[in-house]
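Visitor: Before I ask anything, here is the structure I am working with.
Rule-based calculations on the coordinates, nothing more; no lab input. What you see is a predicted model; the values in this text were computed from it and never measured. Backbone-built Cβ (ideal geometry, glycine too); neighbour counts: all protein chains shown.
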Amino acid sequence: MHFLNNLVNPESGERLTLLYYLLSFVSTMFVTYIGIAATGSTLSLFFNRKGLKKGNDIYRHFARNLIDVALPGKGVVAALAGLPIVTIILIYAELLYNTNADVTNFMTASAILVISGFMFLIAYRYSFRLEGFVESYKKLTPSQKSEIGDASLVDLDAMEISAHQTRRRAGLFGTAMLWIGMWVFMGGSNLALNSQAWPQDAGTFAVLFSWTTIWSFIHFITAAVVIESAAILFFFYIWDGGVGAANNEAYSSFVKRFAMNAGLLFAIVQPLIIFIDLTLVPSAAKDGAVFGLAGLGLLIAFVLVHFFYRMLRLRKVYLGSFAFIGVVVMVGVWMTAKGVSFSKSNQAHYQLMADNYDKMLSELPEVQTAKISGEKIFTQTCSACHRFHNRLVGPAYNMVLGGYEGKMSKLEDFIMNPRQVLQGYPPMPKQGLNQAQVKAVAEYIMNVYQTEEKNGTATYTK
Ligand code: HEC
């Protein structure tokens, strides 16, 4: 991504730190939402197939609701997937400015996969509508059909079959692309943690098939099931009145049982996953905070286990909102731990960048003072009213500057904010110069005065 290097600038230390926070924040959004979308579409495919095979309407209904929750609309996809991944790419480009790390390439590949995946899934989602239309048309009585018009030209069965085929294909492609996209995402974010691997240009396959990446991907899959379970409970029953699951008793209890069991099971394995995660942190990225965050992650996992267990026992969704907030926090902690490890592993480079920035800054004033010439300011501004040897509007400098010798700050102060001082002169108007300009002109006039004084030419007329 060389062109990205041209977009970014050396950053100050403070702004760099801010970027790590931003990275953790947008990654949390991204990972949570892709978790819902990938698991939701996978389950939707599974239940759709099962429902068609067994002629089970509950399964098919579930399949449809799952994809509705996973893809509420294109705007949501853009806001929760598109925007975050683009931000992530830019932040990595900025933070890894001038390193050899390929992280942005991984993230860009991930973005392409995920976004194309969503396009297929949107088609998958629409195929349910098409099917719904065909089905409701088929249910019409012959007289109703003839009222609408002659539909014998439309081969409904062919249409239905093609809807099923499109659905299967689009669903499979889309789902696979989301999962693969996340695998690549984990590869990139792990590469970012391992600064020792940057210079050697690790190679795409080595990164993707490294044990750490595979493990992170497993972590994501299991976390995604917990996220999706909480999301089902939250979006099917609580958010905005739910998707209507509560209306049908059999359906509702099936969905509840499914989500609560899946959530419980996969929340139970989270502590083990987090523990193994810790052992895989590269040495360059080990930091006390990472352990603290892992502890926090464990705690949240236990709380989630508790929530799912309580709900399962009572068969009530009453903790659904808390469970959903819990999973978002869980992902947040995970992404923050990654961010901390990244900043740790990136420290040497970070220092270099911050130093570069400081250097750039410290060079700036020099450039500026070179431009600010006291002599120029004198000729352009002050000389309208001042000479060294005689009175003009203002007094001769040679008359007044003796009083400021060794008191440069007082002189600068006067030039900055002139006050009435001498009898028989009007007050000097404020000149509107900045600090650096005032300093330059004060030094200049004092220099000229002192040189003249030394040479005995510092004469003046009143
Ligand atoms: C519009 C006319 C005008 C301009 C332009 C002007 N001055 Fe003055 N300056 C005066 C007058 C009038 C006084 C006398 C004010 C007084 O004594 O109250 C004065 C007084 C001074 C004094 C003497 C202060 C003292 O303690 O006696 C200094 C030093 C001085 N000016 C520096 C400057 C410098 C440097 C500039 C340019 C950045 C400048 N002036 C531009 C009109 C001007």
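Visitor: Which whole-number percent gives the relative contact order of the chain, counting Cα pairs below 8 Å spaced six or more residues apart?
Guide: Numbers: 578 pairs, mean separation 75.4, N = 462.
Once divided by the residue count of the chain, the mean separation gives 16 percent.
Visitor: A follow-up question, please. Can you list residues whose amide H is under 5 Å from residue 458's amide H, if they're 5+ apart or on another chain and H is modeled 1.01 Å from N?
Guide: 453
Visitor: Using a basic spin-label model with each label point 7 Å from the Cα along Cα→Cβ, how many nm lie between residue 18 and residue 119?
Guide: 3.5 nm
Visitor: Tell me the mean residue ellipticity at 222 nm calculated for the chain from its helices only (DSSP H runs of n ≥ 4, each -39500 (n - 2.57), averaged over every residue, nearest 500).
Guide: Values: 18 runs with 338 residues, N = 462.
Computed ellipticity for the chain at 222 nm equals -25000 deg cm²/dmol.
Visitor: A further question on this structure: Assuming R0 = 45 Å, can you tell me the calculated FRET efficiency for the pair residue 303 and residue 355, based on Cβ-Cβ distance, to the nearest 0.05? Present the calculation step by step, with values, prior to reporting the outcome.
Guide: Details: r = 43 Å, r/R0 = 0.95.
Working from the Cβ atoms, E equals 0.60.
Visitor: Answer rounded, prolate or oblate for the range 372-455, using the Cα gyration tensor with square roots of eigenvalues a ≥ b ≥ c: rounded when a/c is under 1.5, else prolate when a/b is larger than b/c, else oblate. Present the calculation step by step, with values, prior to reporting the outcome.
Guide: Details: a/c = 1.27, a/b = 1.01, b/c = 1.26.
Verdict is rounded for the range 372-455.
Visitor: Can you tally the net charge around residue 345? Count Lys and Arg as +1, Asp and Glu as -1, for every other residue whose Cβ sits under 12 Å from the Cβ of residue 345.
Guide: Working: positive: 286, 338, 344; negative: 287.
Around residue 345, the surrounding residues sum to +2.
Visitor: Based on the Cβ-Cβ distance from residue 240 to residue 74, what FRET efficiency comes out when R0 is 25 Å, to the nearest 0.05? Walk me through the numbers on the way to the answer.
Guide: Working: r = 18 Å, r/R0 = 0.73.
E(calc), rounded to 0.05, equals 0.85.
Visitor: Now, a different point. Compute the helix-to-body angle for 103-138: its Cα long axis versus the longest principal axis of the chain, expressed 0 to 90° and rounded to tens.
Guide: That helix lies at roughly 40 degrees to the long axis.
Visitor: While we're looking at this one, here's another question. Which parts of the range 419-446 would a label at residue 375 reach, counting a residue when its backbone N lies under 16 Å from a point 7 Å out along Cα-to-Cβ?
Guide: 440-446
Visitor: Could I ask something else about it? Would you tally the net charge around residue 267, using a Cβ to Cβ cut-off of less than 15 Å, leaving residue 267 out, and scoring K and R as +1, D and E as -1? If you can, show how the numbers build up before the last one.
Guide: Values: positive: 310, 313; negative: 228.
Result for the local shell: +1.
Visitor: If you don't mind, another one. If you line up the long axis of helix 57-70 against the longest principal axis of the chain, both from Cα atoms, how many degrees apart are they, to the nearest 10?
Guide: 10 degrees
Visitor: Could I ask something else about it? Among the lysines, select those whose C-alpha is under 24 Å from the C-alpha of residue 359, and discard any that sit fewer than 8 residues away in the same chain.
Guide: Counting by Cα, and skipping residues close in sequence, residue 359 has these lysines nearby: 344, 371, 439.
Visitor: Something else now. Can you compute the modelled spin-label distance between residue 144 and residue 196, with each label point 7 Å from Cα toward Cβ, in nm?
Guide: Result for the modelled spin labels: 7.0 nm.
Visitor: Starting from the Cα of residue 112, step 7 Å along the direction of its Cβ; do the same at residue 136; then give the gap between the two resulting points in nm.
Guide: 4.1 nm
Visitor: Also, quick follow-up: By how many nm would the segment from residue 316 to residue 384 grow when fully extended, if each residue of separation counts as 0.36 nm and the alpha-carbon distance is taken off?
Guide: Values: separation 68, 0.36 × 68 = 24.48 nm, distance 8.63 nm.
Contour length minus the Cα-Cα distance gives 15.8 nm.
Visitor: If you count, for each residue, the other Cβ atoms within 10 Å and average over each peptide, how do 223-229, 128-134, 20-26 line up from highest to lowest? Walk me through the numbers before you get to the answer.
Guide: Values: 223-229: 26.4, 128-134: 15.3, 20-26: 18.4.
So the order, starting with the most tightly packed, is 223-229, 20-26, 128-134.
Visitor: Taking the Cβ-Cβ separation of residue 214 and residue 83 as r and a Förster radius of 25 Å, what is the calculated FRET efficiency to the nearest 0.05? Before the final figure, lay out the partial values.
Guide: On the way: r = 28 Å, r/R0 = 1.13.
For R0 = 25 Å, the calculated efficiency reads 0.35.
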